Amino acid sequence: MTCLEARDQLPEYALGVLPAERVRDLERHLEGCAGCRRETAELHQGVETMSFSLPQASPPPALADRVVRGLFEGARAKPSQPRASRRAVRVLAAATLAAALVAFGAIGWGVAERHRAQSINAIAIRRIENIDKLDTFIKSLGGQPFQAQLVPVAGIESSGTAVIVSASGANSVVIIDVLPLIPNHGPYSVQLIDRSGRVFSLGHLQSSTSGDLVFVQFTAQDLSRVLSVTILDAHSNVVMTGKVAPYSKG
Amino acid sequence: MTFGREGPLSAESEQELMRQLVAGEEHAIRTLYSRFGRPIYTVGLRMLGSVEAAEELTRDVFLAAWRKGGRFDSERGRLSTWLMAIAHNMAVDRLRHDRGAGRPPLVLVEEVPEPAPLDEEEVLLDRDRAQRALAGLSAAERHLLSQAYFSGWTAREIAESEGIPLGTVKTRLRAALIKLRKSEAEQSRMATRRGIER
Ligand SMILES: [Zn+2]
């Protein structure tokens with residue numbers, strides 16, 4: 001396309017009325033032509049002036065929140081997958097993580113590996129799930145497994161699962177997988193509370209490549225009496241909680 | 001970096017704001033909304049004619065801004081120009097799509113303005129400048145521009161309905177947009193100068 005041809009179509013392009021089949025060619029020309037881009041910018045400013053000349057309307061006050069929510073929902077992608085089915089796979093997601101950790105058995109579960117947890121996450125999320133491997137993993141630790149369904153407090157949207165294995169030595173592990181929280185007030189930290197009221201402040205949830213927030217931490221602490229799992233936002237407000245129950249497969 | 005809710009942003013701040021939007025940071029979405037939510041909603045309401053359609057358009061414009069945000073380049077133009085172009089384009093698409101369901105309500109530029117609350121000086125100033133820019137167009141330019149802007153007609157459709165050559169329509173549309181842009185830029189420069197003298 002020559003500049004002359006491009007210029008001929010630019011007013012319609014700026015006004016949004018150029019037929020779609022011609023837009024693509026024109027945009028390709030614009031990518032490579034600073035002169036026509038400048039002309040486009042000026043025409044767009046004319047359109048903007050037109051928009052600002054309209055009697056300004058007052059949007060409903062609640063629209064701001066709906067815009068924010070719409071954006072987060074859009075950001076979750078996968079529009080073909082209804083939310084209900086995503087919830088149903090929550091437990092599985094945590095299991096996936098653990099199963100992948102099993103696959104990394106060669107790395108070992110020692111304290112020294114804690115710092116590698118994040119890179120393990122990155123790889124783990126990409127692995128194929130196999131829930132049986134979670135049992136194998138739990139058994140391999142020789143400890144007692146628990147799980148907690150994490151439920152958001154009022155005003156927050158998310159869901160998630162925590163799996164805790166209390167084992168001897170440094171083999172106790174906490175694995176958490178939650179959907180991105182809406183609204184987002186991260187970074188989020190993890191707290192466990194046990195029967196005696198003792199609080200374990202653990203690290204932060206990390207963004208995974210799948211878009212979920214995940215957490216994996218090995219510890220030498222005794223997690224056998226943990227009652228609840230709590231997720232706190234950046235201002236230490238509780239955003240999600242879950243009561244600990246015996247682990248059940250899937 | 002934090003952003004105020006009023007006053008112009010530097011090109012650098014606009015770029016940073018869009019970077020944060022793309023990263024999904026909520027305060028960036030809210031900042032963007034507090035600055036541009038109203039004019040975007042206005043375009044939706046005036047062009048599509050219902051509160052529901054205006055709300056839907058507003059949500060979709062912000063979603064599109066988030067999706068396309070990586071392509072925003074502050075060196076190529078202002079953020080408001082970019083966003084208002086997205087808003088107007090989407091509204092036109094919807095109009096054209098719904099065309100079968102009857103003609104959209106044609107909103108005349110001359111429409112009597114709604115009284116605006118007193119605390120919205122900024123909005124009034126923008127509108128005042130825009131209206132003065134519009135007053136500088138010839139009747140023919142205004143007429144053709146309205147048909148493209150509000151009704152989403154292509155140059156060919158306008159030429160056919162008006163019985164004037166296609167080339168003339170395109171030339172007038174261009175002349176009208178460039179005039180608006182020049183007048184607005186000139187008034188904005190004068191306003192800045194007055195601001196400095198004060
Ligand atoms: Zn060119």
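Read-outs throughout are calculated quantities, based only on the coordinates presented, and are distinct from any laboratory measurement. Not measured: the values here are computed from a predicted model. Positions of Cβ are generated from backbone atoms using ideal geometry, with glycine treated the same way; all protein chains shown enter the neighbour counts.
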Can you tell me which of A:41-48, A:59-66, B:160-167 comes out highest on packing, and rank the rest after it, using the mean Cβ neighbours within 10 Å? A:41-48, A:59-66, B:160-167
Is the shape of the stretch A:3-53 rounded, prolate or oblate, going by the alpha carbon gyration tensor and its root eigenvalues a ≥ b ≥ c, with a/c under 1.5 for rounded and a/b larger than b/c for prolate? oblate
Expressed in nm to one decimal, what extension gain is obtained for the pair B:Arg71 and B:Thr168 from 0.36 nm per residue of sequence separation less their Cα-Cα distance? 31.6 nm
Karplus couplings for the stretch A:66-72 from phi (6.51 cos²θ - 1.76 cosθ + 1.60, θ = phi - 60°), rounded to Hz, Gly and Pro as x? 5, 5, 4, 5, x, 5, 5
Residue by residue, what Karplus-based ³J(HN,Hα) values in Hz, rounded to whole numbers, does the stretch A:157-163 have, using 6.51, -1.76 and 1.60 with θ = phi - 60° and x for Gly and Pro? 10, 4, 6, x, 9, 10, 10
In whole Hz, the Karplus estimates of ³J(HN,Hα) for the stretch B:86-98 (6.51, -1.76, 1.60; θ = phi - 60°; x where Gly or Pro) are 4, 4, 5, 4, 5, 5, 4, 4, 5, 4, 5, 5, 8
Rounded to one decimal in nm, the spacing of the 7 Å Cα→Cβ label points at B:Arg156 and A:His204 is 5.6
Rounded FRET efficiency, nearest 0.05, which uses the C-beta distance separating A:Glu21 from B:Ser188 and R0 of 45 Å: 0.80
Going fewest to most other Cβ atoms within 10 Å around each Cβ, B:Asp60, A:Asp25 line up as A:Asp25, B:Asp60
11 Å beta-carbon shell around B:Ser138, net charge (K/R +1, D/E -1): +2
Note down the nm distance, to one decimal, between modelled labels 7 Å out along Cα→Cβ at A:Ser168 and at B:Ala11. 6.8
Taking the Cα centre as origin and putting +1 on Lys and Arg beta-carbons and -1 on Asp and Glu beta-carbons, what dipole magnitude results for the stretch A:3-53, to the nearest 20 debye? 80
Could you list A:Val216, A:Val68 in order of exposure, starting from the residue whose Cβ has the fewest other Cβ atoms within 10 Å? A:Val68, A:Val216
